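The values are calculated or read from the model by the stated rules, or taken from the named source; none is laboratory data. Note that the structure is predicted; figures quoted are calculated from it, not measured. For neighbour counting, all protein chains shown are included, and Cβ atoms are generated from backbone atoms with ideal geometry for every residue, glycine included. These accessible areas exclude ligands, DNA and RNA; they are computed on the full protein's heavy atoms, side chains included. Shrake-Rupley method; radii C 1.70, N 1.55, O 1.52, S 1.80 Å.
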Amino acid sequence: MNLKDRLMADLRQALRDGDTLRKSTIRLLQAAITVAEKAGERQRILSEEEIQAVIAKQVKQRRDSIAAYT
């Protein structure tokens, strides 16, 4: 199972469980992946490593935000 499929399965589970934090976090990641796929001149499918890089970038952004506002 690749990362996009895993995120989709985790989102479905979060929806079933009513876990709003997990649901919104996964949706943020999916949106960031979609933006990265559409960046540039033509749309393309990201590799697993590129998806991991997008996730790492999002984590870093959130940590920086937490540090800046606490």
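Structure notes:
- Per residue accessible area in Å² of the chain, where ligands, DNA and RNA are left out and the probe is 1.4 Å: 79 Å²
- GNM remark for the chain: springs join alpha carbons under 10 Å apart, and the peak mean-square fluctuation among I45, I55, I26 falls on I45.
- Straight-line reach from K38: taking Cα to Cα under 19 Å and skipping same-chain neighbours fewer than 8 places apart, the lysines in range are K4, K57.
- Computed in the context of the full set of protein chains, the accessible area of the chain at 1.4 Å probe radius has 54% of its extent on carbon or sulfur.
- Neighbour-limited loop hits for trypsin sites (Lys or Arg not before Pro), the range 38-70 (at most 15 other Cβ within 10 Å; DSSP other than H, G, I, E, B): R42, R44
- For a straight C-alpha distance cut-off of 20 angstrom, the aspartates and glutamates reachable from K60 (same-chain residues fewer than eight places away being disregarded) are E37, E48, E49, E50.
- Full-stretch length increase - Q13, A39 - with 0.36 nm per residue and alpha-carbon distance subtracted: 6.4 nm
- Prolate/oblate/rounded call for the chain, Cα gyration tensor, a/c under 1.5 rounded: oblate
- Legend: helices of the chain (whole DSSP H runs) are marked when their alpha-carbon atoms reach 18 angstrom or more along the helix axis and their mean Kyte-Doolittle hydropathy is at least 0.0; marked are 20-38.
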